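Nothing in this text is a laboratory measurement; each read-out follows from the coordinates by a stated rule. The shown structure was predicted, so the numbers you read here are calculated from the model rather than taken from an experiment. Every residue, glycine as well, gets a Cβ built from its backbone with ideal geometry; the counts of neighbours run over all protein chains shown.
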Amino acid sequence: MNNSAVNTGRVLWAGLRALLVLTVITGVLYPLAVTGAAQVAFPGKADGSQIEDASGKAVGSELIGQTYNLPLKEGEETPAPDLRWFQPRPSNGLGTNSVNTQYSIVLSGATNRSGDNADLIRWVEEAKAAVVEDNSVKGYTVKPSDVPPDAVTSSGSGLDPHISPEYAGLQVHRVAERNRLTVAQVDRLVADHTEDRVLGFVGEPRVNVLKLNIALKALVAGG
């Protein structure tokens, strides 16, 4: 066997050994170490920031928004909102999964339409009209100027779990009426679930809709 073949064999064997060692370190040991450290230090976040209801059942993640709709009726393309619950921001992301129809995959994304886009303008106008109509109840009329931006626009991901305190407050009278509660009870619920800016100056005050609706359900059940 000539020296060229021997040298080539040595180089290939060295490369194979390096590949095996790095695969074990970066593909097995490192992920296990990071996963173990995360489970010890941040078990809730490591498991997806799941939220449990009063019965201890996981009902979602505090990082991903949910919809609260009535069952889809025959002939409807989109279900109507269930107005007993606080409603989230519109979700105009990438829509439903059309690639792998065997599984229901959550997709995120923005509409990527400019401010003067005719479709976007129509969506906002229709959303504002719906917010005004849905939340105007006896003794409380919502004006178009009362509707905050997050009530009619989606977030960049389309999956924002939060709404502004202004949008939550706008829904208080409707939620109180639909659930036979007092406005003061529902107002207190919103106040108790309003989160301040991170570190006092980062971001804006916000309300997690899932947490708020879980508390609402408990309040209704408790009479």
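Miscellaneous remarks
- Note on the stretch 1-23 and the stretch 26-64: Cα centroid distance 41 Å, given to the nearest whole angstrom.
- Residues considered: Val142, Val172, Val202. Largest GNM mean-square fluctuation over the chain, using C-alpha springs under 10 Å, is found at Val202.
- Springs between Cα atoms under 10 Å define the GNM used for the chain, and in it the highest mean-square fluctuation of Trp13, Trp85, Trp123 occurs at Trp13.
- Calculated FRET efficiency for the pair Leu19/Ser108, C-beta based, R₀ 45 Å, to 0.05: 0.80
- Entry for volume of the Cα convex hull per residue in Å³ (calculated from the structure that is shown) out of (1) 249; (2) 148; (3) 140: (1)
- In percent, rounded to a whole number, the relative contact order of the chain is 18, using alpha-carbon pairs under 8 Å and six or more apart.
- Ranking of Ile121, Ile163, Ile51 by count of other Cβ atoms within 10 Å, fewest first: Ile121, Ile51, Ile163
- Among Thr194, Thr26, Thr78, the largest mean-square fluctuation in a Gaussian network model of the chain, built with springs joining Cα atoms closer than 10 Å, belongs to Thr26.
- Cα→Cβ-extended label distance, 7 Å offset, between Leu29 and Lys217, nm: 4.5 nm
- With at most 12 neighbouring Cβ atoms within 10 Å, loop GluC sites (Glu not before Pro) (DSSP) excluded, longest segment of the chain: 78-223
- Segment Asp187-Asp134, length gained on full extension (0.36 nm per residue, minus Cα span): 17.3 nm
- Listed peptides 18-25, 185-192 by packing density, highest first (mean Cβ within 10 Å): 185-192, 18-25
- Span-like helix ranges in the chain, DSSP H, alpha carbon extent 15 angstrom or more, Kyte mean at least 0.0: 3-24, 30-41, 209-221
- In summary, the lysines within cross-link reach of Lys217, defined as a Cα separation below 25 angstrom excluding same-chain residues under 8 places away, comprise Lys45, Lys57, Lys73, Lys138.
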